[in-house]
Amino acid sequence: MRRGWFLPIAATLGFAFLYAPIVSLVVFSFNESDLVTVWSGFSTKWYGKVLADPQILGAAWLSAQIAFCAASIALVLGTLCAVALVRFRKFRGRTLLAGTVSAPLVMPDVITGLSLLLLFVAMEAIIGWPSGRGLLTIIIAHSTFCMAYVVVVVQSRLRDLDMSLEEAAMDLGATPVRVFFDITLPIIAPALVSGWLLAFTLSLDDLVIASFVSGPGSSTLPMVIFSKVKLGVSPDVNALATIIIGFVALGVAIATIVQLRAHPKRAKA
Amino acid sequence: MSTFDAHSPPPPRPRAWSGVERALAAVGLSGKALVIAAPAIWLTIFFLVPLAVVFGISLTMKQFGRPPYTPLLTNEDGTVQLTLHLNNYLRLFSDSLYVAAYLSSIKIALISTAITLLIGYPMAYAIARAPDRWRNILLMLVILPFWTSFLLRVYALSGFMRGNGVINQFLGLFGIPPLVMMQTDFAVYVGIVYTYLPFMILPLYTNLVKLDGALLEASADLGARPVRTFLSITLPLSRPGIIAGCMLVFIPAIGEFVIPALLGGPSTLMIGRVLWDEFFANTNWPRAAAVAIAMLIVVVVPIMLLQRAQDAEQDKERGN
């Protein structure tokens with residue numbers, strides 16, 4: 001087939017559009033000047049400032065705790081849900097479950113956030129739990145929307161999975177629970193790793209939902225960044241952003257290597 | 001393709017899980033029921049019920065106190081009374097602010113979806129047609145921004161488009177006076193296209209990579225020009241990918257808050273921002289709930305379209 005010039009040029013421009021702003025953000029995080037966009041010399045002083053800011057460090061620690069718990073809950077529930085949807089072909093409410101689990105993927109954040117907050121307030125008024133809002137309510141909210149992403153990742157791996165292995169184990173007398181833990185789980189492990197990592201980063205990134213369901217004193221990292229950014233572009237936010245982007249790039253690299261090792265022939269991501 | 005060697009016997013393992021099974025059976029629960037029930041109960045409590053709560057509270061009125069809305073059910077001398085207020089919904093139609101915000105959200109979401117499609121389609125196609133060793137790297141380059149913080153990408157873009165930002169400094173080299181880009185609707189369009197581009201590219205790529213090259217060759221052999229081949233073969237076959245990609249951009253764009261808040265100006269009306277202000281600035285929870293329900297009505301049809309497009313893709317895969 002003849003290869004035209006249009007596609008390569010369009011793709012190059014598209015990638016430039018995707019990356020230019022991020023590259024410029026990273027470059028200017030090493031700028032010495034207070035003026036974010038005027039280059040005046042190399043410096044790492046903004047990194048020092050970020051790492052000495054107790055508000056940022058506190059928020060980062062809170063966000064990391066939330067992301068760890070939310071990703072773990074989402075992983076367990078999401079995996080169960082994916083197994084139910086892929087392995088149990090027919091049960092009552094299957095369509096409802098499939099629709100409900102994928103809806104949070106596209107639901108506008110403001111609706112998810114508002115609805116969960118109103119639920120927590122109503123529950124507190126009726127049964128006295130959860131008392132107040134903070135760490136726990138953010139973890140619950142994040143688990144719910146992260147679960148949808150875990151389901152997508154695990155589901156696609158389960159679909160590709162050769163069922164004859166599981167059937168063989170069953171024929172040899174293994175119980176379903178044993179088959180799951182001894183056969184299925186090791187095979188889908190790479191998908192579980194990437195599902196957990198995806199959930200972790202999504203939780204770490206969420207601003208809108210956390211703003212609704214957090215309480216006084218529980219400001220997550222995105223909430224702190226948002227309040228700084230609203231005041232304008234500042235070089236220490238650039239440094240903080242570079243640190244976060246670095247972490248994410250590392251995580252994605254690890255996830256990719258895990259997946260490539262798992263099935264080198266069909267590495268899709 | 002599996003990582004297991006079919007010929008070697010399975011390694012002996014202690015029956016660590018048999019206790020779990022016996023315990024479950026003792027209380028009369030099958031593993032299957034539990035597997036379904038755990039996520040189903042969680043989703044019911046934390047996803048379906050909240051939507052019902054939003055609807056309920058949208059039918060109350062704001063009041064001072066905790067919680068800041070009038071109760072739906074009141075108990076007066078033993079008779080339970082249900083009080084519903086429709087004021088919030090009436091205000092949505094009578095107050096021009098809400099109507100304008102809705103129309104403007106839909107307009108902004110539609111136009112940005114179209115632009116994202118125009119930019120994303122050639123990129124997805126280029127990746128799908130790229131040589132094998134390039135394809136994974138290019139795909140990775142699309143996925144990486146998707147993993148990178150949404151908020152930080154919007155922030156990066158704002159640094160790029162500011163009055164003294166990179167673009168204007170570049171234009172300044174050619175003596176072009178700085179353009180005002182920030183705090184305009186233009187910035188909001190760029191912001192949505194920029195942040196949602198990966199959502200458009202990935203489903204399109206998944207679709208286009210499965211396109212049978214033989215069809216294109218046959219078309220070329222029969223004398224069709226590349227444009228004709230594209231319009232009569234590639235484009236119709238990629239319809240599910242186009243629908244999925246467009247819906248993945250359009251639906252969240254309708255309710256977008258961060259982009260209009262950081263890139264848009266005071267005149268940029270979007271419904272997500274209106275909801276946010278009703279809730280946080282005016283603490284009018286019932287009004288915010290009514291705005292949410294109205295927004296939900298706008299996105300419900302696109303969500304169903306998306307579901308259908310994805311089901312169609314899956315059915316095709318099973319059929320193969």
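Could you please tell me which pairs satisfy a Cβ distance under 8 Å, a separation of 6+ or placement on different chains, a first residue in the range A:3-15 that is at pLDDT 85 or above, and a second residue that is assigned to a helix (DSSP H, G or I) and of a type in the set (Gly, Ala, Ser)?
Final answer for the pair search is A:LEU7/B:ALA126; A:PRO8/B:ALA126; A:ALA10/B:ALA126; A:ALA11/B:ALA126; A:GLY14/B:GLY120.
Look through the range B:228-253, keep the residues that are of a type in the set (Val, Ile, Thr) and farther than 30 Å from A:ASP206 by Cβ, and return whichever of them is nearest to the other protein chains (Cβ to nearest Cβ).
B:THR229
Output the number of residues of the range B:146-176 satisfying the condition of being in contact with an Asp or Glu (Cβ under 9 Å, 6 or more places away or on another chain), among the polar types (S, T, N, Q) and part of a helix (DSSP H, G or I).
Of the residues in that region, 0 qualify.
Could you check the range A:110-135 and list, in sequence order, the residues that are more than 7 Å from chain B (Cβ to nearest Cβ) and surrounded by 14 or more Cβ atoms within 10 Å (Cβ to Cβ)?
A:THR112, A:GLY113, A:LEU117, A:PHE120, A:MET123, A:GLU124, A:PRO130, A:ARG133, A:GLY134, A:LEU135
Of everything in the range A:167-176, what is in a helix (DSSP H, G or I) and either in contact with a His (Cβ under 6 Å, 6 or more places away or on another chain) or surrounded by fewer than 19 Cβ atoms within 10 Å (Cβ to Cβ) (or both)? Give them in sequence order.
A:GLU167, A:ALA168, A:MET170, A:ASP171, A:PRO176
So which of B:GLY264, B:GLY213, B:GLY272 is touching an Asp or Glu at 6+ places or on another chain (Cβ under 9 Å) and over 22 Å from B:ARG91 (Cα atoms)?
None of the others qualify; the one that does is B:GLY264.
Exactly one of these conditions fails for B:VAL209: (1) within 29 Å of the chain's Cα centre (by Cα); (2) open to solvent by 30 Å² or more (accessible area, probe 1.4 Å); (3) closer than 25 Å to A:VAL26 by Cβ. Give me its number.
(3)
Residues of the range B:177-206 being open to solvent by 20 Å² or more (accessible area, probe 1.4 Å) and not in a loop (DSSP other than H, G, I, E, B), which ones?
Correct list: B:ASP185, B:PHE186, B:TYR189, B:VAL190, B:PHE199, B:LEU202, B:PRO203, B:TYR205, B:THR206.
State which residue pairs qualify: first residue at pLDDT 70 or above and inside the range A:243-264, second residue aromatic (Phe, Trp, Tyr) and open to solvent by less than 40 Å² (accessible area, probe 1.4 Å) in any location, beta carbons under 6 Å apart, and separation of 6 or more residues or different chains.
The qualifying pairs are A:VAL248/B:TRP147; A:VAL252/B:TRP147.
Pick out, from the range B:1-82, the helices (runs of 4 or more DSSP H) lying fully within it that include 3 or more residues that are at pLDDT 80 or above.
In the range B:1-82, the matching helices (runs of 4 or more DSSP H) lie at B:31-43, B:49-58.
Within the range A:1-96, which helices (runs of 4 or more DSSP H) (wholly inside it) include 2 or more residues that are farther than 24 Å from B:LEU144 by Cα and open to solvent by 70 Å² or more (accessible area, probe 1.4 Å)?
Helices (runs of 4 or more DSSP H) meeting the threshold: A:45-51, A:54-87.
A quick yes/no check of all residues on (1) in the same structural domain as B:ALA253 (by TED's automatic domain parsing); (2) of a type in the set (S, T, N, Q); (3) touching a strand residue (DSSP E or B) at 6+ places or on another chain (Cβ under 7 Å); (4) touching a residue at least 12 places away in the same chain (Cβ under 8 Å):
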| position | (1), (2), (3), (4) |
| --- | --- |
| B:TYR121 | yes, no, no, yes |
| B:ASN136 | yes, yes, no, no |
| B:THR148 | yes, yes, no, no |
| B:ARG153 | yes, no, no, yes |
| B:SER158 | yes, yes, no, yes |
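So, in the range A:16-29, how many residues would count as being without any contact (Cβ under 8 Å) to a residue 24 or more places away in the chain and either more than 7 Å from chain B (Cβ to nearest Cβ) or of a type in the set (A, V, I, L, M, F, W, C) (or both)?
Of the residues in the range A:16-29, 7 are without any contact (Cβ under 8 Å) to a residue 24 or more places away in the chain and either more than 7 Å from chain B (Cβ to nearest Cβ) or of a type in the set (A, V, I, L, M, F, W, C) (or both).
Condition check: closer than 28 Å to A:LEU250 by Cβ and among the polar types (S, T, N, Q). Does A:SER131 satisfy that?
Spelling it out, it is not the case that A:SER131 is closer than 28 Å to A:LEU250 by Cβ and among the polar types (S, T, N, Q).
Evaluate the following for B:ALA100: is it touching a residue at least 60 places away in the same chain (Cβ under 8 Å), surrounded by fewer than 15 Cβ atoms within 10 Å (Cβ to Cβ) and part of a helix (DSSP H, G or I)?
Yes; evaluated as a whole, the condition is true for this residue.
Any idea how many residues of the range B:299-315 are in contact (Cβ under 8 Å) with a residue 12 or more places away in the chain, closer than 25 Å to B:ASN88 by Cα and open to solvent by 40 Å² or more (accessible area, probe 1.4 Å)?
Residues meeting the conditions: 0.
Starting from the range B:61-74, keep only residues that are of a type in the set (Phe, Trp, Tyr), then list their pairs with residues that are modelled with pLDDT of 80 or more whose Cβ atoms are within a distance under 8 Å, requiring at least 6 positions of separation or different chains.
Taking only residues 6 or more apart or on different chains, the pairs are B:TYR69/B:ILE57; B:TYR69/B:THR60; B:TYR69/B:MET61; B:TYR69/B:LYS62; B:TYR69/B:GLN63; B:TYR69/B:TRP285; B:TYR69/B:PRO286.
Name the one entry in A:ALA241, A:ALA255 that is within 7 Å of chain B (Cβ to nearest Cβ) and open to solvent by less than 30 Å² (accessible area, probe 1.4 Å).
A:ALA241
Within the range B:115-145, can you find the residues that are assigned to a helix (DSSP H, G or I) and of a type in the set (Gly, Ala, Ser)?
B:GLY120, B:ALA124, B:ALA126, B:ALA128
The values are calculated or read from the model by the stated rules, or taken from the named source; none is laboratory data. What you see is a predicted model, and the numbers here were worked out from it, not measured in a lab. Reconstructed Cβ throughout: ideal geometry from the backbone, glycine too, with neighbour counts over all protein chains shown. For accessibility, only protein heavy atoms count, side chains too; no ligands or nucleic acids. Shrake-Rupley method; radii C 1.70, N 1.55, O 1.52, S 1.80 Å.
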